[in-house]
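Written below as structure tokens is the structure these notes are about.
Bear in mind that the values in this text are calculations on the coordinates, not laboratory data. Small disclaimer: the values here were computed from a predicted structure and weren't measured. Cβ placement follows ideal geometry from the backbone for every residue including glycine, while neighbour counts extend to all protein chains displayed.
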Amino acid sequence: TPCAVAAAGLLYGVVALHRRLTAPLRGGRRARWVLPVVLLCGVAGALFVIAWVRQLD
């Protein structure tokens with residue numbers, strides 16, 4: 001169950017980040033820190049997938 005709690009917390013964070021990223025589409029303003037954090041999360045996710053695929057050999 002600790003992994004499920006961690007996964008739920010991570011999913012909640014991704015949803016909050018997505019809501020802040022898409023705020024201009026709803027007429028709001030986007031904070032300056034959102035875009036760098038989204039790019040950093042994308043790079044981290046790509047590196048995670050590459051590391052995971054390399055261990056499958």
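Please report the projected area of the chain's Cα convex hull averaged over all directions, in nm². Don't jump to the answer; show the numbers that get you there.
Numbers: hull surface 20.8 nm².
Hull-based average projected area comes out at 5.2 nm².
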- Message: Quick check: the angle from helix 2-21's long axis to the longest principal axis of the chain, C-alpha only, nearest 10 degrees?
- Response: 40
- Relative to the longest principal axis of the C-alpha atoms of the chain, give the angle of the C-alpha long axis of helix 34-54, reported between 0 and 90° and rounded to the nearest 10°. 10
- Note on the structure: The FRET efficiency for residue 12 and residue 35, from their Cβ-Cβ distance with R0 = 25 Å and rounded to 0.05, is 0.80
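Could you work out the helix-only [θ] at 222 nm for the chain, with each DSSP H run of four or more residues adding -39,500 (n - 2.57) and the total divided by the number of residues, to the nearest 500 deg cm²/dmol?
On the way: 2 runs with 41 residues, N = 57.
So the calculated ellipticity at 222 nm is -25000 deg cm²/dmol.
Given charges of +1 on the Cβ of Lys and Arg and -1 on the Cβ of Asp and Glu, with all other atoms neutral, how large is the dipole of the chain about its Cα centre, in debye to the nearest 20? Walk me through the numbers before you get to the answer.
Numbers: 7 positive and 1 negative charges, 94 e Å.
Dipole size: approximately 460 debye.
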- Query: If each of residue 22 and residue 46 carries a label point 7 Å out from its Cα toward its Cβ, how far apart are those two points in nm?
  - Reply: 2.3
